[in-house]
Amino acid sequence: MQRYILSRLIQSFIMLVGVLFIVFFMLQLTGDPVALMVSRNASPEQVEELREELGFNRPVMVQFADFVSKAVRGDFGMSLRHHQPAMELILERLPATVELASMALLFAMVVGIPLGLLGGSNPGSIWDTLARGAGLIGQTIPNFWLALILIMVFAVGLGWFPSFGRETRQFMGLALPTKSVILPAFALGLFTMGQLVRFTRSAVLEIKNEDFVRTAYSKGLADRRIYIKHILRNAAIPLISILGVQFGYLLSGSIYIETIFSWPGLGNLLAESIGNRDFALVQAIAFFTSLVVVSLNLTADIAYGMADPRIRYGE
Amino acid sequence: MKKLKLVFPLLMLVLLSLPCTVFAAPQGTLRVGLSAMPNAIDLPMSSERNAHNVSWQIYDPLVWTDDTGKSVPALAESWTVSKDGTAYTFKLRKDVVFHNGEPFNADAVVFSWKRGSGTKMQWKDKWAMAESVKKIDDYTVTISTKGPNPLMLRMLSEYWAMVPPKYHAEVGENGFQKHPVGTGPFVFKQWKKGDRIIFEANPNYWQKGFPKVKNLIFRPIPESATRVAAIKTGEIDIVTRLSAEEADSLKGLSNVMLKTYPVDRVYYITFNNLTSGKGKPTENPLVRQAMNYAVDVDAIIKALLNGHGHPIAGFVTSGNWGYDKDNKPFGYDPEKAKQLLAKAGFPDGFEIDFAAPIGAYTNFEQVCEAIQGYLEAVGIKANLDLMESGKYWNMEAKKELPPLFGDSWSEATGEALPRLKGALGGMKASYSAWSDPKIDDLLEKIGTTVDDDARAKLYVELQGYMMENPPFIYLYQPITFEAMNPKVKDYKPRAAENYYLKGTYLE
């Protein structure tokens, strides 16, 4: 098990370094942001002066080395636009994104898993049709389109929800979500819901035909007991890893949704910082979200390994 | 008793006829949607229009520019200009305090200038145009410039927000950014990043009777479709920067009022005679005139901007000082274009490289594609290269773009001079691709003529010359669309899309 964890840790580390590398050089391809920062009336000398001040006139490799050496110490530099440490900006926006991702995941789980179980247990039934339909819809509807439709119908048409923004209720020092999260969470969680339905359904179908289930039936165990003890428990193992991956996706994949709903989270900040070529901030957000995704995958892998001996022995 | 009954209405009548010295207390909450989250609530740091507009609600400048373009007293009661036009002496108001109670005086002006022209500031060039700011006494300052600068007062009103020196020393630059303090009509209360900015009416504002609303809330809504939804549901009172289609979708709604006005921005295709355009046919003024005649700007406005724009004839727009209304756009005349090309020695046209940015301006890629088609029709083969805008502007600043390229330029001061200098300043200006000694000479004169009427004449002369010798294919001035709740009164946005909300109220 230790070797398994260690190898996963090393893989994650390599992944993160790769992310730093790609993000840095992709941004370099677009040129430096100085042209966007100076007033249009600036003279070439003023542009050059600013370029020098910000260090963009140094060779790219020197800039990269400087970036990495600071990044490993958690210093991603100052946001060019906000004149504030990039990490500080990320931490300011993090709670909103975590709230949205958690609510989206909660919705996906509460709807997706039971529907998948019902569909998988009763193939060909009305439940199964429903599950397959939900899986298909969830995975095919583009979420930015859905977001606009939701606003038109439920905010403008029916007036049930606010059309944008995040409202919270303070309770014992905590910022609790209010109904303002429902539309964005639904739009964001729908894809994951579809994934979970399909995944749970096929896992149940597969396990139902396994030898140990047939043995359980032949032993004369009650249906209910077989479901809970054998089928569900076994289907839950791969589900853990899927949930980890999906939560990572939800945390990082909300650029459209956050922008459309004006949700004050990381995705919104990332969209804005790309538009302004705020290098330090784009790099910091990209690294931060990869760190979250990689850590969640790592946790899921380890949990998976603990739950299923076949994984860790296959190392 | 009877007498008393008479006395009371009489007393009321007398009271009502007294000059109104008691002002109504500010009332209600005004909610304004922004198209982007401000990066700072601080004029020297504000990186674009939204930040600029939000910031001006809590600060004051020394002078304001009124709705007609005239400079009027703000924190300065009066001013005098030295004979040579290089020194402005301002008498400051004595009854003004910052939101933290610190008095406003000459030290604050000197400090604001020192801070604004500091190296880390976004708009330092707008402050550095003053060579020195000297305190004469507690309520008198002299601002000196290198040479006469006719835009001085406009720049002061557009960029020079006064900040409190003592408070700044106490909290430092970071502290100031987190909790900005000015003398303005509104007081900073809270800034939830990415979510909202909350201001409250300044109860001690020196201009009595202002502001008129009690609370002012800004909400960033980057997606314009969501801004439309928010104005429809009544969650927001004012939204800006809507597309023509979105504005059309709001027509006829009882709870939404539309506001449209031409923006002080020009769209153009520029010629280059500094680097890539050297030795090209476009150095010949007849060719440049021909290319202007070849493009049907009206059709482009109709087809690609839904009719929402005005064709332009030069870089001085209708709202600018010195605008010559008799100076008409070229108009579409492909036959004349062909004749001019033949006269210039290119009867069969020529081939030229052409570039435009992607995603920078509404439908601008399509506009450039249409222009490519129009040029083709008169025999000019323009090889259009559409580029990512960041890379594009980078190349533009380095003068590496092809001899023909499209762009746009807005102006906030109400005069076209900065735009003209920026786009026609030759090698001295980053975003210029053109140099013409006659234009240089006229710009130099405009830039040093403080007398408004004399300057207007020079602008007229320049506009005429720039039609004979066009450095651009002139395209259009766009119209912007805003929407507001009908209960919002006295909201007066200006051509640079800027607004001051102290006089705005809710019915």
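The values are calculated or read from the model by the stated rules, or taken from the named source; none is laboratory data. Keep in mind that what you see is a predicted model, and the values were worked out from it rather than measured. Here the Cβ positions follow ideal geometry from the backbone for every residue, glycine too, while neighbour counts run over all protein chains shown. Areas reflect the complete protein model, heavy atoms only, side chains present, ligands, DNA and RNA absent. Shrake-Rupley method; radii C 1.70, N 1.55, O 1.52, S 1.80 Å.
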- Query: Ordering B:ASP296, B:ASP452, A:ASP66, A:ASP128 by how much accessible area each has at a 1.4 Å probe, largest first, what is the list?
  - Reply: B:ASP452, A:ASP66, B:ASP296, A:ASP128
- Counting other Cβ atoms within 10 Å, which trypsin sites (Lys or Arg not before Pro) in segment A:61-99 have at most 12 and lie in a DSSP loop? A:ARG73
- Item | Accessible surface buried upon B-A contact (total; probe 1.4 Å; Å², nearest 100) | 3700 Å²
- Item | Selected from B:THR275, B:TYR293, B:TYR459, residue furthest toward positive end of dipole (segment B:265-480; charges at beta carbon) | B:THR275
- Item | Averaged over A:158-164, number of beta-carbon atoms from partner chains that fall within 10 Å | 5
- Item | Chain lengthening between B:LYS457 and B:ASP326 when straightened (0.36 nm per residue, less Cα-Cα) | 45.9 nm
- Query: For A:74-85, what's the mean count of beta carbons from other chains sitting within 10 Å of each residue's beta carbon?
  - Reply: 3
- Item | FRET efficiency estimate (nearest 0.05) - Cβ-Cβ, A:VAL68 to B:ASP333, R0 51 angstrom | 0.30
- Averaged per residue, the 1.4 Å probe accessible area of segment B:259-338, protein heavy atoms only, in Å², is roughly 41 Å²
- Message: Need one word for segment A:148-204: rounded, prolate or oblate. Basis is the Cα gyration tensor (sqrt eigenvalues a ≥ b ≥ c); a/c below 1.5 gives rounded, then a/b vs b/c decides.
- Response: oblate
- Item | Charge sum, other residues only, whose C-beta stays under 14 Å from B:LEU404's C-beta, Lys/Arg counted +1 and Asp/Glu -1 | -4
- Message: Contact order normalised by length for segment A:124-179, with contacts defined as Cα pairs under 8 Å and 6 or more residues apart; what percent is it?
- Response: 16 percent
- Excluding ligands, DNA and RNA, the carbon-plus-sulfur percentage of the accessible area of the protein assembly as shown with a 1.4 Å probe reads 60 percent
- Accessible-area ranking of B:SER144, A:SER7, B:SER55, largest first, probe 1.4 Å: A:SER7, B:SER144, B:SER55
- Item | Normalised contact order of chain A, rounded percent, pairs of Cα under 8 Å and 6 or more residues apart | 27 percent
- Query: Counting only other chains, what is the mean number of Cβ atoms within 10 angstrom of the Cβ of each residue in peptide B:427-433?
  - Reply: 5
- Considering only Cα-Cα distances, which of the following residue pairs are longer than 19 Å: B:LYS232/B:LYS259; B:LYS91/B:LYS445; B:LYS83/B:LYS445? B:LYS91/B:LYS445
- Message: What distance in nm separates the two pseudo spin-label positions at B:ALA169 and B:ASN383, each 7 Å out from Cα along the beta-carbon direction?
- Response: 6.3 nm
- For B:TYR323, B:TYR476, what's the largest-to-smallest order of accessible area, 1.4 Å probe? B:TYR323, B:TYR476
- Task: Could you pull out which residues in segment A:223-264 have an amide N less than 19 Å from a spot 7 Å beyond the Cα of A:PHE212, following the Cα-Cβ vector?
- Result: A:223-242
- Message: Need one number: nm distance between label points at A:SER125 and B:ASP95, each 7 Å from Cα along Cα→Cβ, rounded to one decimal.
- Response: 8.1 nm
- Per residue, accessible area of segment A:100-219 with a 1.4 Å probe, heavy atoms of protein chains only, in Å², comes to 51 Å²
- For segment B:263-352, how big is the tail of P(r) above 15 Å, as a whole percent of Cα pairs? 66 percent
- Note on the structure: Links exceeding 18 Å between C-alpha atoms in this model, out of B:LYS94/B:LYS114; B:LYS214/B:LYS489; B:LYS338/B:LYS381; B:LYS166/B:LYS214; B:LYS336/B:LYS457, come to B:LYS94/B:LYS114; B:LYS166/B:LYS214; B:LYS336/B:LYS457
- Note on the structure: Taking Cα atoms only, helix B:334-343 is inclined relative to the longest principal axis of chain B by an angle, in degrees rounded to 10, of 60 degrees
- Calculated from DSSP H runs of 4 or more alone, at -39500 (n - 2.57) each and per residue, what is the 222 nm mean residue ellipticity of chain B, nearest 500? -9500 deg cm²/dmol
- If the label point is 7 Å along Cα→Cβ of B:VAL450, which residues in segment B:142-168 have backbone nitrogen under 14 Å from it? B:142-154
- Task: Please give every one of the aspartates and glutamates within straight-line cross-link reach of A:LYS219, meaning a C-alpha to C-alpha distance under 17 Å, and leave out same-chain neighbours fewer than 8 residues apart.
- Result: A:GLU210, A:ASP211
- Item | Surrounding net charge for B:GLY309, when Lys and Arg each add one and Asp and Glu each subtract one, Cβ distance under 14 Å | -1
- segment B:59-170, relative contact order [Cα under 8 Å, separation at least 6], %: 34 percent
- How far apart, in nm, are two points set 7 Å out from the Cα along the Cα-to-Cβ line at B:LYS489 and at B:LEU253? 2.3 nm
- Task: Return, ordered by residue number, the residues of segment A:189-230 whose backbone nitrogen is under 19 Å from a label point located 7 Å along Cα→Cβ of A:PHE144.
- Result: A:189-192
- With eigenvalues of the C-alpha gyration tensor scaled by 5 and rooted, segment B:422-507, Å: 37, 17, 13
- Note on the structure: Using alpha carbon centers only, segment A:173-241 is separated from segment B:369-407 by a whole-angstrom value of 56 Å
- Among A:VAL17, A:LEU94, A:GLY120, flag the residue with its Cα farthest along the positive direction of the charge dipole of segment A:1-120, charges on Cβ as +1 for Lys/Arg and -1 for Asp/Glu. A:GLY120
- Query: Once a ≥ b ≥ c are taken as the square roots of the eigenvalues of the Cα gyration tensor of chain B, is the result rounded (a/c under 1.5), prolate (a/b larger than b/c) or oblate (a/b not larger than b/c)?
  - Reply: prolate
